[in-house]
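A short worksheet on the structure shown next.
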Amino acid sequence: MLSGWIKIVALALVAAGLAGCASDPASYYGPPAREPQLTLAAPRQMPLQCAPYAREHSSVKLYGDAWTWWDKAAGKFSRQPQPESGAVIVLAGYAGPERGHVAVVRSLISPREIHVDHANWLGDGAIYLDNPVADVSENNDWSRVRIWNIKTGGWGTRIYPVQGFIGPGSGDPFDQNQALPDATDPARIARAELGEIQ
């Protein structure tokens with residue numbers, strides 16, 4: 001009788017694990033269509049940061065730390081909630097309120113996957129080309145993403161809040177009445193990391 005209960009509990013745990021995987025959009029992604037590239041900085045060069053790289057490789061000519069780019073773009077560049085080739089994706093608040101990351105959208109792969117070019121993603125000063133990014137937001141609104149980890153060969157386990165996409169055009173058609181959730185809100189970040197919100 002006891003072994004029957006153990007089998008039922010084991011089956012329930014397996015089913016729960018499979019249901020959890022199915023609810024995560026990133027679990028649907030296998031390996032990327034194109035293998036990302038990693039370019040390490042030359043031995044005597046200073047490590048390259050994400051903001052100078054994004055500025056040099058896009059039409060978005062902003063200065064300052066990555067976490068300031070979204071606000072600095074207002075009125076100067078278009079700000080969109082959806083990706084576009086040549087735009088700059090802005091991640092903010094993932095390691096504190098004054099930490100951010102920017103990357104240039106290289107290509108749109110599917111409604112839930114893009115590839116980006118960026119620098120210093122893993123804090124190593126390296127340049128990462130054609131790096132896959134998956135939209136894992138519940139409503140497919142690009143408010144939360146996972147990044148393919150080139151070094152481990154799999155989707156990263158962290159989920160990063162997205163402020164939006166800057167450029168490549170000028171002006172600011174971003175509808176403030178339908179703005180993305182505040183990606184820098186510490187309470188929202190904590191709830192997202194606990195899995196309470198998508």
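Would you call residue 92 modelled with pLDDT of 90 or more and of a type in the set (A, V, I, L, M)?
no
Of all residues in the range 79-111, how many are under 14 Å from residue 159 (Cα atoms) and either surrounded by 22 or more Cβ atoms within 10 Å (Cβ to Cβ) or in contact (Cβ under 8 Å) with a residue 40 or more places away in the chain (or both)?
7
Select from the range 72-126 the residues that are charged (D, E, K, R) and closer than 23 Å to residue 138 by Cα and list them in ascending order.
79, 84, 112, 113
In the range 48-76, what residues are without any contact (Cβ under 8 Å) to a residue 60 or more places away in the chain and β-branched (Val, Ile, Thr)?
Residue satisfying the conditions is 68 alone.
Looking at (1) at pLDDT 95 or above; (2) in a helix (DSSP H, G or I); (3) not basic (Lys, Arg), which is the one condition that is false for residue 102?
The one condition residue 102 does not meet is (2).
Residues 128, 63: which one is more than 17 Å from residue 165 (Cβ to Cβ), of a type in the set (Ser, Thr, Tyr) and buried (at least 23 other Cβ atoms within 10 Å of the Cβ)?
128
Which residues, counting only those in the range 152-180, are modelled with pLDDT under 85 and either assigned to a loop (DSSP other than H, G, I, E, B) or among the charged types (D, E, K, R) (or both)?
171, 172, 173, 174, 175, 179, 180
Scan the range 134-151 for residues that are hydrophobic (A, V, I, L, M, F, W, C) and either closer than 21 Å to residue 99 by Cα or at pLDDT 90 or above (or both) and jot them down.
Those that are hydrophobic (A, V, I, L, M, F, W, C) and either closer than 21 Å to residue 99 by Cα or at pLDDT 90 or above (or both): 134, 136, 142, 145, 147, 148.
The values are calculated or read from the model by the stated rules, or taken from the named source; none is laboratory data. It should be emphasised that the depicted structure is a prediction, and the values quoted were computed from it without experimental measurement. Here the Cβ is made from the backbone with ideal geometry for all residues, glycine too, and neighbour counts use every protein chain on show.
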